[in-house]
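Reading through the structure tokens given below for one structure.
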Amino acid sequence: MNSKLEFRRFFAYTEEKHKSFYTQFINGTNIIYGKNTSGKSTLIHALLYTFGINDEKGKLSELLRENVIFRIDLILHSNITENITIVREDETIIISRENKPRKKFIGISGNRSEEHKSLKHYLGEMFDFNLHLE
């Protein structure tokens, strides 16, 4: 299957510190630029973390201490075009898909936990991605 994932919006928010970050991606190519320590790598790590890639925790430790909630809105172009929203708060990920029931994964911080394995399987099926990651 030939799938395309289109990033639309990214939002990070901490109620505790009353801070937020919001950006929209445009169709085509998006270039992230800025001076050293301006947050380019942090944005990439936060995107990966939102998808459940826990290896990014160490790189985001300062942010995660502030109890940040991450949200990404995507469009999946596959056999059909589907809007998808992924929200991550600590050990929980909620995935909302157009015309499908909301899916919640709780306890995904351990890469070998059953819930994290279920999340990887679910994402693999959703994006038609069959590379085994363990």
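The values are calculated or read from the model by the stated rules, or taken from the named source; none is laboratory data. Here the structure is a predicted model, which is why all the values come from computation and not from measurement. Cβ: placed from backbone, ideal geometry, glycine included. Neighbour counts: every protein chain shown. Side chains included, ligands, DNA and RNA excluded: accessible areas come from the protein's heavy atoms. Shrake-Rupley method; radii C 1.70, N 1.55, O 1.52, S 1.80 Å.
Of 66, 16, 82, 114, which has the most accessible area with a 1.4 Å probe, and how do the rest follow in descending order?
114, 16, 66, 82
Pairs of alpha-carbon atoms within less than 8 angstrom and 6+ residues apart define the contacts here; what relative contact order does the stretch 1-73 have, in percent?
42 percent
Which of the peptides 97-104, 68-75 is most tightly packed, and how do the rest follow, judged by the mean count of other Cβ atoms within 10 Å per residue?
Most protected by this proxy first, the peptides run 68-75, 97-104.
Alpha carbons only, please: Rg and Dmax for the stretch 62-124, in angstrom.
Radius of gyration, then largest Cα-Cα span, for the stretch 62-124: 12.8, 40 Å.
Distance between the C-alpha centers of the stretch 61-77 and the stretch 19-38? Whole Å please.
Between the Cα centre of the stretch 61-77 and that of the stretch 19-38, the gap is 14 Å.
Please list, by residue number, every one of the trypsin sites (Lys or Arg not before Pro) in the stretch 17-64 that is coil in DSSP and has at most 10 other beta-carbon atoms within 10 Å.
Answer by residue number: 35.
Which one, 45, 116, 96, is farthest towards the positive end of the dipole of the chain when Lys and Arg carry +1 and Asp and Glu -1 on their Cβ?
The one lying farthest along the dipole's positive direction is 45.
Using a 1.4 Å probe on the protein chains only, how many percent of the accessible area of the stretch 1-122 belongs to carbon and sulfur?
49 percent
Among 45, 18, what's the order by accessible area (1.4 angstrom probe), most exposed first?
Ranked list, largest accessible area first: 18, 45.
Restricting to Cα pairs below 8 Å that are 6+ residues apart, what does the relative contact order work out to for the chain? Please round to a whole percent.
Value for the chain: 22 percent.
Can you pull the Rg over Rh of the chain, Cα-only, Kirkwood?
For the chain, the value is 0.95.
In whole Å and largest first, what semi-axes does the C-alpha gyration tensor of the stretch 24-90 yield when each eigenvalue is scaled by 5 and square-rooted?
Taking √(5λ) for each Cα gyration eigenvalue gives 23, 17, 9 Å.
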